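To start, the structure itself, in structure tokens.
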Amino acid sequence: MSSRVELSFCHAENTSVTSPATVPISICGKLELLHQVSFESIKHRLEPQVTPALWKKALFQLNPSPTDRTSLYLSSAYVCALPSKMSRHISSSGSIYFNRVIRFFTGVLIVVCNRNEVIPLASAIARSYPIYSQRTTLKKVKQLRVEFLVVDDYQPVSLKEMKERMEGGLDMLPKRSLSHLDSETTNMLTHLTESIRLAGKIVDMPCNEMHTDAFVEEAKRVAVETKSKMCLIRGTELKDQGFGGLWNVGKAATRPPALVVLSHQPEGAKTTISWVGKGIVYDTGGLSIKGKATMPGMKRDCGGAAAILGAYRTAVQMGFKETLHCVLCLAENAVGPESMRPDDIITLYSGKTVEVNNTDAEGRLVLGDGVAYASKDLKSDIIVDVATLTGTQSITTGKYHGAILSNIEQWETHCLHSGKASGDHAYPIIYCPEFQFTEFASHVADMKNSVNDRMNAQTSCAGIFIQSHLEDGFDFSGVALHVDMAGPAASGERATSWGVSFLLTLFGQYSGNAAIRAIAPEISTDEIPTKKRRLDQIYNPITQTQHVLVPNSGALQLPEN
């Protein structure tokens, strides 16, 4: 949808009386929740055109498969049903289907849900109303006012029970007490949806508008909004300071590459967290150039950086309690006289050398610099890199679930929980450096940048490459989390802003907002390692020799032939 829609949220003190004759209205929720809504709770938006009998009749006409809607009054009032049952790897809110029932709608939207579904549904609403468009026909600004009705004592009800009550001549379900959101929660939703739409705007904008310089300006605005410290390393400064990945990927473009770091350092913080985002504002593939069918849409290769910028904005606005760094790795992978070539050997910020065998595997080079900086200079305990990294991610975890790779098993569980709680779905992939890092073996450098065997878990291998550039490599003493969201970053021709709600939820226990904390996973301090972690097997990428760690000795010995 190309639209100019102003989005606002109603809380308990600012609800108003309207009628469908003057203000269109749509009421959405799961069927069993809609049946638990008394007409008294919504009559301020429906009368006089809609009566209690008409409301009850409309509910009985709904038969979601997976969604459905029916008219209450001409084309100005609708009731819409979301799926009642979701599989175990999908958000129970049904947020993934929300765009189907509210598509192009403006007016008043009443959402009926339980309290822990507010954030994923609000995020889905924000994604449904992107803000970037250059269409000259869009003149009028429209309004969408969102009002949440929360079922506080919600209890799941089976379809069998609903049918039995209906056959007995009873209301399908007993009515439940409903409440509106408080002003603190609606304020949070306003900031969240603004950040989601900001991330979507950055990804939707073409590179002639959203080039690296423009992205830097967006970061500056967020720094001012959040009163954050900002560090900018741009152009030849990257080369001079050893950021060989960023410099070589972006040096051929007319706009220089940049590393942007926004920092939030509250008093009393005990943990340092860095979010590192891939911000390739356009990816031609470089000299390993993409084809005419695969290059269009590569403006979206900055989806990771856009997501962490949006998430950082809301996290800080909501009073993040720990040290948080937003590290943006910005470059345009262009073709020109200065382009990085296949066979070039470059040195990344980690000090490790990389033989380039594919200039279209550029994201891992800029992120290698980013995570090295986050571990060496920012001294981060937790490092999360987010990127539209590999085409094979969609094959591995699909178009709707980001791929999660972590050196700590518990964090895979946290990500799975956060994906379902936020509506930005995610699923873990294989973490096995001893079998995957050898794919980058080189005879003349520490590693190559693209795999030798494309049938050996490419998506995992790409994440392993990035984590090899952490301080101490795979012995990094903290949490290393790689998120590949190439598939869910876009739906059709529009960005989804995948990652904003995910990151806020994953680190929600550090938030100053109660609604975010309520859906966040519980992360104990024991899950943030303070001692060096070692692999059972370590590989030398130069000689391709396998070294086996002898238990209880710390010594390395070569395996017998």
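Values in this text are rule-based calculations from the coordinates and carry no lab data. Fair warning: this is a prediction, and the values are worked out from it, not measured in the lab. No Cβ is skipped: glycine too gets one built from the backbone with ideal geometry, and neighbour counts run over all protein chains shown.
Charging the Cβ of each Asp and Glu at -1 and of each Lys and Arg at +1, and nothing else, the dipole of segment 412-530 about its Cα centre rounds to 500 debye. Lacking any other cysteine beta-carbon closer than 4.7 Å, the following Cys residues of the chain have no compatible partner: C10, C113, C207, C231, C302, C326, C329, C415, C432, C461.
Given contacts defined as C-alpha pairs under 8 Å and at least six residues apart, what's the relative contact order of segment 243-343, whole-number percent?
Numbers: 200 pairs, mean separation 50.5, N = 101.
Contact order relative to length: 50 percent.
Overall, segment 1-139 carries a charge dipole of about 420 debye about its Cα centre when +1 sits on the Cβ of Lys and Arg and -1 on the Cβ of Asp and Glu, all other atoms neutral.
Taking amide H atoms as placed 1.01 Å from N in the peptide plane, the amide H of V479 lies under 5 Å from those of I382, I383, each 5 or more residues away in sequence or on another chain.
Rounded to two decimals, what is the ratio between the C-alpha radius of gyration of segment 1-84 and 2.2 N^0.38 Å? Spell out each step's value before the answer.
Values: Rg = 13.3 Å, N = 84, 2.2 N^0.38 = 11.8 Å.
The reported ratio for this selection is 1.12.
Candidate values (i) 24.7; (ii) 27.6; (iii) 32.5 were compared with Kirkwood radius over Cα pairs in Å computed on the shown model; the agreeing label is (i).
Pairs of lysines in segment 346-487 whose Cα atoms sit within less than 21 Å of one another amount to 4, provided the residues are eight or more positions apart or on different chains. In summary, the lysines within cross-link reach of K290, defined as a Cα separation below 17 angstrom excluding same-chain residues under 8 places away, comprise K299.
If you take every DSSP beta bridge whose two residues both sit in the chain, what share of them, in percent to the nearest 5, is antiparallel? The partial results should precede the final answer.
On the way: 36 of 87 bridges.
Roughly 40 percent of the DSSP beta bridges within the chain come out antiparallel.
Excluding same-chain neighbours fewer than eight residues apart, the lysines reachable from K57 by a Cα-Cα span under 25 Å are K30, K43, K85, K160, K163, K175. In the structure shown, the pairs K201/K251; K251/K321; K56/K139 are assessed against 28 Å; a Cα-Cα span above that value is assigned to K251/K321; K56/K139. Each Cα pair under 8 Å and six or more residues apart adds its sequence gap; the mean of these over the residue count of segment 288-406 is a relative contact order of 27 percent.
Computed on the chain, with alpha-carbon pairs under 8 angstrom and 6+ residues apart, the relative contact order is 14 percent.
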